[in-house]
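Colleague: Encoded as structure tokens, here's the structure I'll be asking about.
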Amino acid sequence: MTQKQKPSSALKTVGFVALGCPKNMVDAEAMLARIGMAGYVLTDDADNADIVIINTCGFIAPAKEEALEAIRNALKQKKKGRIRKVIVTGCLSERMGKELLDEAGEIDAIVGLAGRDSIDTILKELETQEPAKSAHLCLGPLPTQAPDDRTRLRITPPHWAYLRISEGCNRRCSFCTIPAIRGNFRSKPMELVTEEAQKLVDSGAVELSLIAQDSNFYGRDMGMKDGLIQLIGQLEKIPSLKWIRLMYLYPAGIDDNLIAAIADSPKVVRYADVPIQHINDEILKTMCRGHTKAGTTELIEKLRKAMPDVVLRTTVIAGFPGETESQFQELLNFIRQTEFDALGCFPFYPEPGTPAAELPGQLPEQVRQNRSEQIMLAQQPIAFKKVRNRIGSRLTVLVDENNPEQAVGRFYGQAPHIDSICLIRRRDTEPGTFIETEVIGQDGYDTVVKPVKKQSAR
């Protein structure tokens, strides 16, 4: 036993490291609830807990490296005797399984997505288990239904939350690992979604961000027509819910009915997160995206015609295999001409097991990185101009934080944890409150506002 090693008493404290996307965050919250209800003490000091759980992302190479770095750090603390058990959960566990041991070493348990709701049982098993030479593996087949997320210990602020409406994806984009990790698309029954939404609102949420791998596919696997529209209608009936935000709208699945439903809704914010990934038709075909340049252009025109104040966010991939300089310039020009409000760009990563990783014409990493940087540099003045154009206008802002220097919030065109923010030039504003503001300036990507009248009741 090392000098600082803890005695072999019961494992009581659990540190939790949550990595990855909003879906991963919901999984983390579900596990935290089970851990707490099982009698363990949750601590934010992950370097000194009895047990450390690292909920990982494994979507692309940088996420994998971030997860491995967190795992290795925990194992270093374990070697020093500060931590007794290290558990790895989430997408990287699902993707790599016991191969994680080759990458990281003496992990005590590797838990796939199917083991999420058994985390309390796994903890109890590790508590009574003597040190073993091999890790405890919980890597069963994926559930056939979407997870039940009604019981969660939220790590988001009380006034907003993620609401997962489905799991998995039926799209087979050639670059994407999600179907292999999370399985086929499974919609969550509408009554389950609405019950969860009501619980979140009852706990203080005034904004819900609907998340899925393909939100507008919701209900189709259950034989529903316009499932997302029907779901919106049910959520609109929750009185204290003020903002409904739609994330991950697959461009090929957005039709006129959905556009009209968003435009007519009193609660769905006029914000569309539509990942186009590319605009060249040949690249889109190789990506297996199912949409075209003409269709994407028409979709954006329809969205802006139906909602002139709509905020459009997208993501693109630079340096896809075979992407010529001309095809890249086509994407770059489209971004400049379309003027998305917000845009994220990833260099292509040849993820093992995906068809795109085996395609001919793989570009050097430096080329991929340079093209990604060019796109973000082209987007920056567009984003800055969007902020400048709002100066002098009025915005309803949802207050997120009350810092010593100033309050921070968001208007409808800013998704939490993803987009820019509003810097509020007054501090006496309660988080979770909607206030009316005037835009008075710009701070990089962020919007500077000042309140113009007394804050409204929550």
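Colleague: Once the other residues with Cβ under 15 Å from the Cβ of residue 192 are scored (Lys, Arg +1; Asp, Glu -1), what is the net sum?
Modeller: My count for the surroundings of residue 192 gives -2.
Colleague: Mind pulling the per residue volume of the convex hull built on the Cα atoms of segment 15-84? Å³ is fine. It would help to have the intermediate numbers written out before the result.
Modeller: Details: hull volume 5.0 nm³, N = 70.
Here the figure is 71 Å³ per residue.
Colleague: Choose one of 176, 253, 16: the residue whose Cα lies farthest towards the positive end of the charge dipole of the chain (beta-carbon charges +1 Lys, Arg; -1 Asp, Glu; about the Cα centre).
Modeller: With unit charges placed on the Cβ atoms, the residue in question is 16.
Colleague: What does the helix-only formula give at 222 nm for the chain: each DSSP H stretch with n ≥ 4 adding -39500 (n - 2.57), the total divided by the residues, and the result rounded to the nearest 500 deg cm²/dmol? Walk me through the numbers on the way to the answer.
Modeller: On the way: 13 runs with 152 residues, N = 458.
The helix contribution divided over the chain gives -10000 deg cm²/dmol.
Colleague: From the phi angles alone, apply the Karplus equation (6.51, -1.76, 1.60; θ = phi - 60°) to segment 102-110 and give each ³J(HN,Hα) in whole Hz, x where the residue is Gly or Pro.
Modeller: Going residue by residue, I get 5, 7, 10, x, 7, 7, 7, 8, 10 Hz, with x marking Gly and Pro.
Colleague: A follow-up question, please. Between segment 151-212 and segment 33-107, what's the alpha-carbon centroid distance in Å?
Modeller: 23
Colleague: For segment 394-451, what's the relative contact order in percent, using C-alpha pairs closer than 8 Å and at least 6 residues apart?
Modeller: Working: 134 pairs, mean separation 21.4, N = 58.
Computed value for segment 394-451: 37 percent relative contact order.
Colleague: Using Cβ contacts closer than 10 Å as the measure, can you line up 155, 119 from fewest to most? Mind showing how you got there, number by number?
Modeller: On the way: 155 13, 119 25.
So the residues, fewest neighbours to most, are 155, 119.
Colleague: Which entries in the list 188/285; 225/267; 85/188; 293/385; 242/453 go over 23 Å, if you measure between the two C-alpha atoms of each? Mind showing how you got there, number by number?
Modeller: Numbers: 188/285 30 Å; 225/267 21 Å; 85/188 34 Å; 293/385 25 Å; 242/453 19 Å.
Listed pairs above 23 Å: 188/285; 85/188; 293/385.
Colleague: Then there's this: If you average the sequence gap of Cα pairs under 8 Å that are 6 or more apart and divide by the length of the chain, what percent do you get for the contact order?
Modeller: Numbers: 900 pairs, mean separation 42.3, N = 458.
For the chain, the relative contact order is 9 percent.
Colleague: May I pose another question? Can you tally the net charge around residue 166? Count Lys and Arg as +1, Asp and Glu as -1, for every other residue whose Cβ sits under 13 Å from the Cβ of residue 166. Write down the numbers at each step before the final one.
Modeller: Values: positive: 23, 164, 171, 182, 186, 188, 220; negative: 148, 149, 167, 196, 214, 221.
Result for the local shell: +1.
Colleague: Continuing with the same structure: In debye, nearest 20: dipole of segment 141-274 around its Cα centre with unit charges on the Cβ of K, R (+) and D, E (-)? Numbers along the way, then the final one.
Modeller: Working: 17 positive and 16 negative charges, 57 e Å.
Roughly 280 debye for segment 141-274.
Colleague: Assuming 0.890 mPa s and 25 °C, estimate D for segment 160-389 with Stokes-Einstein, Rh taken as the Kirkwood radius over Cα pairs, in µm²/s.
Modeller: Details: Rh = 18.7 Å.
For these conditions, the coefficient is 131 µm²/s.
Colleague: Scaled to the compact-protein estimate 2.2 N^0.38 Å, what is the alpha-carbon radius of gyration of the chain, rounded to two decimal places? If you can, show how the numbers build up before the last one.
Modeller: Details: Rg = 22.9 Å, N = 458, 2.2 N^0.38 = 22.6 Å.
Computed over Cα atoms of the chain, the ratio equals 1.02.
Colleague: Please state the charge dipole magnitude for segment 337-458, taken about the Cα centre, from unit charges on C-beta atoms (+1 on K and R, -1 on D and E), reported in debye and rounded to the nearest 20. Kindly include the intermediate steps, with their values, before the conclusion.
Modeller: Numbers: 15 positive and 16 negative charges, 140 e Å.
Here segment 337-458 has a charge dipole of around 680 debye.
Colleague: Given Cα pairs under 8 Å that are at least 6 residues apart, what percent is the relative contact order of segment 294-392? Spell out each step's value before the answer.
Modeller: Numbers: 99 pairs, mean separation 33.4, N = 99.
Relative CO of segment 294-392 lands at 34 percent.
Colleague: Compare the peptides 430-439, 232-241 by average per-residue count of other Cβ atoms within 10 angstrom and give them in order, highest first. Present the calculation step by step, with values, prior to reporting the outcome.
Modeller: Details: 430-439: 18.9, 232-241: 15.1.
Sorting 430-439, 232-241 by mean packing, highest first, produces 430-439, 232-241.
Colleague: Want the number for residue 76 to residue 203: 0.36 nm per residue separation, take away the alpha-carbon distance, what's left? Before the final figure, lay out the partial values.
Modeller: On the way: separation 127, 0.36 × 127 = 45.72 nm, distance 3.81 nm.
Gain on extension, residue 76 to residue 203, equals 41.9 nm.
Colleague: Further, regarding this structure: Going toward the positive end of the dipole of the chain, with +1 on Lys and Arg Cβ and -1 on Asp and Glu Cβ, which of 434, 48, 413 do you reach last?
Modeller: Sorting the options by dipole projection puts first 434.
Colleague: With point charges of +1 on the Cβ of Lys and Arg and -1 on the Cβ of Asp and Glu, referenced to the Cα centre of segment 57-167, which listed residue (119, 101, 159) lies farthest in the positive direction of the dipole?
Modeller: 159
Colleague: When a footprinting reagent is the concern and you count Cβ atoms within 10 Å, what order do 445, 271 take, fewest first?
Modeller: 445, 271
Colleague: I need the calculated FRET efficiency for the pair residue 224 and residue 151, taking r as the beta carbon distance and R₀ as 22 Å, to the nearest 0.05. If you can, show how the numbers build up before the last one.
Modeller: Numbers: r = 26 Å, r/R0 = 1.16.
FRET efficiency, residue 224 to residue 151: 0.30.
Colleague: Let me ask you something else. For 80, 453, what's the fewest-to-most ordering of other Cβ within 10 Å of each Cβ? Don't jump to the answer; show the numbers that get you there.
Modeller: On the way: 80 14, 453 9.
Ordered from fewest to most neighbouring Cβ atoms within 10 Å, 80, 453 come out as 453, 80.
Colleague: Considering the Cα trace of segment 394-451, what is its radius of gyration and what is Dmax, both in angstroms?
Modeller: 9.8, 25
Colleague: Under unit Cβ charges (Lys, Arg +1; Asp, Glu -1), what dipole magnitude, rounded to 20 debye, does segment 274-427 have relative to its Cα centre? Mind dumping the intermediate values first?
Modeller: Details: 19 positive and 18 negative charges, 188 e Å.
Rounded to the nearest 20 debye, it is 900 debye.
Each value in this text was obtained by applying a stated rule to the coordinates, not by laboratory testing. In this text, all values refer to a predicted model and were calculated from it rather than measured experimentally. Here the Cβ is made from the backbone with ideal geometry for all residues, glycine too, and neighbour counts use every protein chain on show.
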